[in-house]
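Heads up: the structure comes next, in C-alpha cells.
The values are calculated or read from the model by the stated rules, or taken from the named source; none is laboratory data. Just so you know, these numbers come straight off a predicted model, no measurement behind them. Note: ideal-geometry Cβ built from the backbone for every residue, glycine included; neighbour counts use all protein chains shown.
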Amino acid sequence: MSKLRIGIVGTGGIAINRHIPTFLQLNVMASIEGVYDIDQVRAEQVASQFNILKVYPSYQEMFRNVDAIVICTPNKFHAEITVAALEAGIHVLCEKPMALTASECRQMAEAAKRSGKVLAVAYHYRFMKEARAAKKVLLAGDIGNPLVVRVQALRRRKVPGWGVFTNKELQGGGSLIDYGCHLLDLALWLMGNAEPIEVSGSTYNALSKTEGEVNQWGSFDHQTFDVDDHVTAYIKFSNGASMLFETSWSNNIKEDVVENVSISGEKGGLEVFPLTLNYAKHGMLFNSQAAWIPGEDKPDVPQAENFIQACLGHAELVVNPEEAVRVSQIIEAIYQSSLSGNGIKF
C-alpha cells in the first residue's frame, strides 16, 4: 500500500478546521478519497471547498473504497460507526471523546481487537511538544513516582455557542466530556496510565442557566442548557497517587484560559505548560523552565502521521483504545458521583 486511502465521516467544524487540512498536507502518505455527512448539501460544499472528488451517500458505501476513516460526528454516533468500520476491515481515527458511555467504549475496543485493525482516539494534547517532552522527563525518573497531580482546563465565559456542543442527547455532557477530557487523558498518560480506584465529582451549570450572562463564544438558549459548564473531581489511584481535577467552559477567573497539568513526585515536580521542573538540591529550591523543546508547535500533523504509520504497520499508536476507555470510565464516574452525591468505587 503506497498511500493510505482515507474517508471523512462528518463534515462539521472539527473536520474542516483540523482533520481535512492536516491529511491534505500529508498527501505523500495519505489521500482523502471522499466525505460523508448526514447533511448531503453540507458534504457537497465541503468536498468542493477542499477539491475532494467523492461525496458518499452513506458511510457503509464509503467503506468499499477506503482503508481508513476519520470520524468527526457528534459523540452519540462514534461507537456505531467505529464498530461498523472495524468489522468491515477499516482502520479508524475517532474524534474524542471515544463514545458517550464506558460500555460503548469497551465495545469499540473489543471490535478493534477482533478485527486486528487500528483504532485511534484523537486526544491530541499528547502530541503537543511540551507533553512529549514531559513524558521523556517522567520516563527518565527525574521527578520520581507521581504523588499528587493537579489538572486544570479552564475557560472564562467561553461556552461554544455553535454546533451541538450544548446538546446533551448528542454529546453526552458539556465541558468535561468536550474539553476537560483532553487534559484528563494527558495527565493519565503522563502518570503511566495509573488505575483509578475511587472518584468523587461535582458538576455545575449555574452561570449558563442564568439569562443574560456574558459569553465570548456565541449565544445559546440558557433555558434548555442542561450540560455541565464547570466540573471538579478528586481521583484516587491504586498506586497511592491522587488527582485534583477541574474543568470549565464558563468560569469566573481572571485569566482567559488556564491549561496545565502539574505533577508533584517523590524527587521533584513538573508542570507541562510551560514545561518547568521544580526540585530541591544542595539545600536549595530550583525552578527550571525549558529554554527550547524540539517538535511541532501544533499537534495535528504528528497525530495524523502516527495514525497513518500505525495503519501501515510502521508505528505503535500513541493513544491506544484501552487508554481511551479508561478516560471515559473516569468521566462517567464523575457524572455518576455528582448525580448520586457519593464517591464511585471501581
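Descriptive notes on the structure:
- Sole exception among (1) buried (at least 18 other Cβ atoms within 10 Å of the Cβ); (2) hydrophobic (A, V, I, L, M, F, W, C); (3) under 22 Å from ALA333 (Cβ atoms) for LEU244, by number: (1)
- Residues of region 174-221 that are β-branched (Val, Ile, Thr) and either within 20 Å of the chain's Cα centre (by Cα) or more than 20 Å from TRP249 (Cα to Cα) (or both): ILE177, ILE197, VAL199, THR203.
- Residues in region 17-33 that are buried (at least 21 other Cβ atoms within 10 Å of the Cβ) and either of a type in the set (Phe, Trp, Tyr) or without any contact (Cβ under 8 Å) to a residue 40 or more places away in the chain (or both) were compared, and the one that is nearest to ALA304 (Cα to Cα) is PHE23.
- Filtered residues of region 155-169 (kept if over 14 Å from PHE225 (Cβ atoms), surrounded by fewer than 17 Cβ atoms within 10 Å (Cβ to Cβ) and not aromatic (Phe, Trp, Tyr)): GLY163
- Failed criterion for PRO160 (all others in (1) in contact with a helix residue (DSSP H, G or I) (Cβ under 9 Å, 6 or more places away or on another chain); (2) over 24 Å from GLU305 (Cα atoms); (3) assigned to a strand (DSSP E or B) hold): (3)
- Filtering ILE308, ILE293 for residues that are at pLDDT 95 or above, surrounded by fewer than 17 Cβ atoms within 10 Å (Cβ to Cβ) and over 23 Å from VAL199 (Cβ atoms) leaves a single hit, ILE293.
- Here the helices (runs of 4 or more DSSP H) wholly within region 1-108 that include at least 2 residues being within 30 Å of ALA333 (Cα to Cα) are 78-87.
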